[in-house]
Amino acid sequence: PNLTAGRGGLGAKSLHEWDLAVRHGIANRRALLLMPSEGYSHLTAQDMRDVAAYLALLPKVDRQVPPTELRPLGALLVLNGELHVDALTLSHDTLDMGDTGVALSRGEYLLEVSACRSCHGVDLKGREVAPGKPRAPALSREVLQPWSYDDFSNALRKGQGRDGRALDALMPWRAYAALPEEDVLALYDALHGS
(Lines give C-alpha, C1' and ligand atoms only; values in the text may rest on other atoms or scores of the structure.)
Protein backbone atom coordinates (compact mmCIF):
# COMPACT_ATOMS: atom_id res chain seq x y z
CA PRO A 1 0.00 0.00 0.00
CA ASN A 2 0.84 3.67 -0.18
CA LEU A 3 2.92 4.29 2.96
CA THR A 4 2.74 8.07 2.85
CA ALA A 5 0.34 10.49 4.55
CA GLY A 6 -1.11 11.52 1.17
CA ARG A 7 -4.69 10.81 0.03
CA GLY A 8 -5.17 7.06 -0.14
CA GLY A 9 -2.07 6.47 1.99
CA LEU A 10 -1.75 4.92 5.38
CA GLY A 11 -1.22 8.33 6.94
CA ALA A 12 0.72 9.11 10.07
CA LYS A 13 1.18 6.04 12.23
CA SER A 14 2.51 5.79 15.74
CA LEU A 15 5.74 3.94 16.41
CA HIS A 16 3.68 1.14 17.96
CA GLU A 17 1.50 0.84 14.83
CA TRP A 18 4.56 0.69 12.56
CA ASP A 19 6.11 -1.90 14.89
CA LEU A 20 2.99 -4.07 14.70
CA ALA A 21 2.95 -3.82 10.89
CA VAL A 22 6.66 -4.26 10.23
CA ARG A 23 7.87 -6.63 12.96
CA HIS A 24 4.60 -8.52 13.53
CA GLY A 25 2.73 -8.31 10.21
CA ILE A 26 -0.43 -6.94 11.81
CA ALA A 27 -2.46 -3.85 10.95
CA ASN A 28 -5.92 -2.96 12.18
CA ARG A 29 -5.98 -6.27 14.11
CA ARG A 30 -5.60 -8.23 10.85
CA ALA A 31 -2.70 -10.22 9.41
CA LEU A 32 -0.95 -8.51 6.52
CA LEU A 33 -0.88 -11.05 3.71
CA LEU A 34 2.35 -10.25 1.90
CA MET A 35 4.36 -8.58 4.65
CA PRO A 36 7.73 -10.37 5.16
CA SER A 37 7.69 -9.79 8.92
CA GLU A 38 9.56 -12.98 9.69
CA GLY A 39 12.83 -11.30 8.78
CA TYR A 40 11.85 -7.88 10.08
CA SER A 41 10.84 -9.36 13.45
CA HIS A 42 14.54 -9.31 14.31
CA LEU A 43 14.94 -5.56 13.81
CA THR A 44 16.49 -3.90 16.83
CA ALA A 45 14.40 -1.31 18.63
CA GLN A 46 16.67 1.46 17.32
CA ASP A 47 16.38 0.25 13.73
CA MET A 48 12.60 0.07 14.07
CA ARG A 49 12.55 3.65 15.37
CA ASP A 50 14.74 4.66 12.41
CA VAL A 51 12.37 2.95 9.94
CA ALA A 52 9.35 4.72 11.51
CA ALA A 53 11.18 8.07 11.41
CA TYR A 54 12.06 7.55 7.75
CA LEU A 55 8.47 6.64 6.86
CA ALA A 56 7.26 9.80 8.60
CA LEU A 57 9.53 11.87 6.33
CA LEU A 58 8.27 10.42 3.05
CA PRO A 59 6.71 13.06 0.78
CA LYS A 60 2.94 12.77 0.55
CA VAL A 61 1.74 10.86 -2.48
CA ASP A 62 -1.94 10.83 -3.45
CA ARG A 63 -2.59 7.29 -4.63
CA GLN A 64 -5.23 4.79 -3.66
CA VAL A 65 -4.05 1.20 -3.93
CA PRO A 66 -6.67 -1.56 -3.78
CA PRO A 67 -6.31 -3.72 -0.67
CA THR A 68 -4.73 -7.14 -1.00
CA GLU A 69 -7.38 -9.77 -0.58
CA LEU A 70 -7.46 -13.51 -0.65
CA ARG A 71 -9.76 -15.11 -3.13
CA PRO A 72 -10.80 -18.76 -2.71
CA LEU A 73 -7.62 -20.14 -4.32
CA GLY A 74 -5.43 -17.90 -2.15
CA ALA A 75 -7.26 -18.96 0.99
CA LEU A 76 -6.79 -22.59 0.01
CA LEU A 77 -3.06 -22.01 -0.50
CA VAL A 78 -2.80 -20.47 2.99
CA LEU A 79 -4.70 -23.38 4.53
CA ASN A 80 -2.44 -25.89 2.77
CA GLY A 81 0.67 -24.01 3.89
CA GLU A 82 1.69 -23.18 0.32
CA LEU A 83 1.23 -19.42 0.83
CA HIS A 84 2.98 -18.34 3.99
CA VAL A 85 1.51 -15.48 6.02
CA ASP A 86 4.20 -14.47 8.51
CA ALA A 87 1.77 -12.95 11.02
CA LEU A 88 0.12 -16.34 11.50
CA THR A 89 3.34 -18.07 12.58
CA LEU A 90 5.35 -15.39 14.40
CA SER A 91 5.47 -15.27 18.17
CA HIS A 92 3.61 -12.18 19.33
CA ASP A 93 4.26 -12.67 23.03
CA THR A 94 5.95 -9.30 23.33
CA LEU A 95 4.71 -6.33 21.42
CA ASP A 96 7.07 -3.88 23.03
CA MET A 97 9.98 -2.11 21.43
CA GLY A 98 12.65 -3.86 23.51
CA ASP A 99 15.64 -5.58 21.97
CA THR A 100 16.03 -9.34 22.23
CA GLY A 101 19.36 -9.13 24.01
CA VAL A 102 20.80 -11.79 21.68
CA ALA A 103 24.21 -10.73 20.43
CA LEU A 104 24.59 -11.16 16.67
CA SER A 105 27.43 -10.08 14.44
CA ARG A 106 26.54 -7.28 12.03
CA GLY A 107 26.44 -9.76 9.14
CA GLU A 108 24.21 -12.23 11.01
CA TYR A 109 21.88 -9.39 11.96
CA LEU A 110 21.67 -8.22 8.35
CA LEU A 111 20.89 -11.78 7.23
CA GLU A 112 17.98 -11.81 9.68
CA VAL A 113 16.47 -8.44 8.76
CA SER A 114 17.08 -8.24 5.00
CA ALA A 115 14.67 -11.05 4.07
CA CYS A 116 17.42 -13.33 2.69
CA ARG A 117 15.82 -16.28 4.47
CA SER A 118 12.39 -15.50 2.97
CA CYS A 119 13.63 -16.53 -0.47
CA HIS A 120 16.72 -18.67 0.14
CA GLY A 121 15.13 -20.62 3.01
CA VAL A 122 15.46 -20.46 6.76
CA ASP A 123 18.60 -22.59 6.54
CA LEU A 124 19.83 -20.66 3.44
CA LYS A 125 19.98 -23.95 1.50
CA GLY A 126 17.81 -22.59 -1.32
CA ARG A 127 14.19 -23.23 -2.13
CA GLU A 128 11.45 -22.72 -4.72
CA VAL A 129 10.11 -19.19 -4.31
CA ALA A 130 7.28 -19.12 -6.85
CA PRO A 131 5.88 -21.55 -9.43
CA GLY A 132 7.56 -21.11 -12.79
CA LYS A 133 10.41 -19.07 -11.33
CA PRO A 134 14.01 -20.17 -10.87
CA ARG A 135 14.82 -21.75 -7.53
CA ALA A 136 16.49 -19.35 -5.09
CA PRO A 137 20.00 -20.80 -4.78
CA ALA A 138 21.69 -21.94 -1.61
CA LEU A 139 23.84 -19.37 0.16
CA SER A 140 25.96 -21.87 2.06
CA ARG A 141 29.68 -21.50 2.62
CA GLU A 142 30.34 -24.34 0.17
CA VAL A 143 28.29 -22.74 -2.60
CA LEU A 144 29.78 -19.29 -2.03
CA GLN A 145 33.39 -20.50 -1.56
CA PRO A 146 34.41 -19.68 -5.16
CA TRP A 147 32.70 -16.29 -5.03
CA SER A 148 34.99 -13.31 -4.61
CA TYR A 149 33.79 -10.30 -2.66
CA ASP A 150 33.27 -8.47 -5.99
CA ASP A 151 31.16 -11.38 -7.32
CA PHE A 152 28.99 -11.23 -4.20
CA SER A 153 28.72 -7.43 -4.24
CA ASN A 154 27.72 -7.42 -7.93
CA ALA A 155 25.00 -10.01 -7.30
CA LEU A 156 23.67 -8.23 -4.23
CA ARG A 157 23.86 -4.63 -5.45
CA LYS A 158 23.71 -4.93 -9.26
CA GLY A 159 21.68 -8.10 -9.84
CA GLN A 160 24.54 -9.61 -11.83
CA GLY A 161 25.62 -13.25 -11.55
CA ARG A 162 29.24 -14.41 -11.54
CA ASP A 163 28.92 -15.21 -15.25
CA GLY A 164 27.68 -11.67 -16.01
CA ARG A 165 24.07 -12.65 -16.63
CA ALA A 166 21.22 -10.73 -15.05
CA LEU A 167 19.69 -12.43 -12.02
CA ASP A 168 15.96 -13.16 -11.97
CA ALA A 169 13.78 -10.14 -11.23
CA LEU A 170 12.74 -11.75 -7.92
CA MET A 171 16.21 -10.95 -6.56
CA PRO A 172 15.60 -7.56 -4.89
CA TRP A 173 19.04 -6.16 -5.75
CA ARG A 174 17.64 -2.66 -6.26
CA ALA A 175 16.67 -2.61 -2.58
CA TYR A 176 20.24 -3.52 -1.65
CA ALA A 177 22.00 -1.31 -4.23
CA ALA A 178 22.65 1.46 -1.71
CA LEU A 179 23.94 -0.80 1.08
CA PRO A 180 27.12 0.65 2.54
CA GLU A 181 30.31 -1.24 1.70
CA GLU A 182 30.78 -2.30 5.33
CA ASP A 183 27.33 -3.95 5.35
CA VAL A 184 27.99 -5.85 2.12
CA LEU A 185 31.31 -7.02 3.57
CA ALA A 186 29.59 -8.04 6.83
CA LEU A 187 27.03 -10.12 4.88
CA TYR A 188 29.79 -11.68 2.77
CA ASP A 189 31.77 -12.61 5.89
CA ALA A 190 28.68 -14.00 7.67
CA LEU A 191 27.77 -16.20 4.69
CA HIS A 192 31.32 -17.45 4.25
CA GLY A 193 31.36 -18.38 7.93
CA SER A 194 28.03 -20.26 7.87
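The values are calculated or read from the model by the stated rules, or taken from the named source; none is laboratory data. No experiment lies behind these values; they were computed from the predicted model shown. Virtual Cβ from ideal backbone geometry, glycine too; neighbours counted across all protein chains shown. Ligands, DNA and RNA are stripped out before the accessible areas are found, and what is left, the full protein with its side chains, is counted by its heavy atoms. Shrake-Rupley method; radii C 1.70, N 1.55, O 1.52, S 1.80 Å.
How about segment 102-194: which GluC sites (Glu not before Pro) there are in a DSSP loop, with at most 15 other Cβ atoms within 10 Å of their Cβ? Don't skip to the answer; put the middle values down first.
Details: sites: E108, E112, E128, E142, E181, E182; in loops: E128.
Taking segment 102-194 and a limit of 15 other Cβ atoms within 10 Å, the loop GluC sites (Glu not before Pro) found are E128.
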(message) Cut-off under 23 Å on the C-alpha distance; same-chain residues fewer than 8 positions from K133 excluded. Which lysines are left, in chain and number order?
(response) K125, K158
(request) Please provide three numbers in whole Å: the alpha-carbon extents of the chain along the principal axes, with the largest listed first. (result) 48, 39, 35
(message) Which lysines, if any, have their Cα less than 18 Å from the Cα of K13, not counting same-chain residues under 8 positions apart?
(response) K60
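Run the helix sum for the chain: -39,500 (n - 2.57) per DSSP H stretch of 4+ residues, divided by residue count, reported at 222 nm to the nearest 500 deg cm²/dmol.
Working: 11 runs with 83 residues, N = 194.
Computed ellipticity for the chain at 222 nm equals -11000 deg cm²/dmol.
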(request) With a 1.4 Å probe and every protein chain left in place, work out the accessible area per residue of segment 16-88 in Å², rounded to a whole number. (result) 69
(request) Using only alpha carbon pairs under 8 Å that are at least six residues apart, calculate the relative contact order of the chain and give it in whole percent. (result) 19
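Taking the solvent-accessible surface of protein heavy atoms with a 1.4 Å probe, what is the per residue accessible area of segment 118-194 in Å²? Before the final figure, lay out the partial values.
On the way: 4640 Å² over 77 residues.
With the other protein chains kept in place, segment 118-194 gives 60 Å² per residue.
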(message) For a protection proxy built on the mean count of beta-carbon atoms within 10 angstrom, sort 72-78, 168-174, 33-39 highest first, please.
(response) 33-39, 168-174, 72-78
(request) Order these peptides, 19-32, 2-15, 57-70, by their mean beta-carbon neighbour count within 10 angstrom, highest first. (result) 19-32, 2-15, 57-70
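Considering only protein heavy atoms and a 1.4 Å probe, what is the carbon-and-sulfur percentage of the accessible area of the chain? Write out the running numbers ahead of the final one.
Values: 7020 of 12370 Å².
Of all accessible area on the chain, carbon and sulfur atoms account for 57 percent.
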(request) Using only Cα atoms, locate the centre of segment 47-81 and the centre of segment 152-192, then give the distance between them in Å, rounded to an integer. (result) 25
(request) Once you have all Cα-Cα distances for segment 9-54, histogram them in 5 Å bins from zero and send the whole-percent values. (result) 5, 25, 34, 24, 12, 0
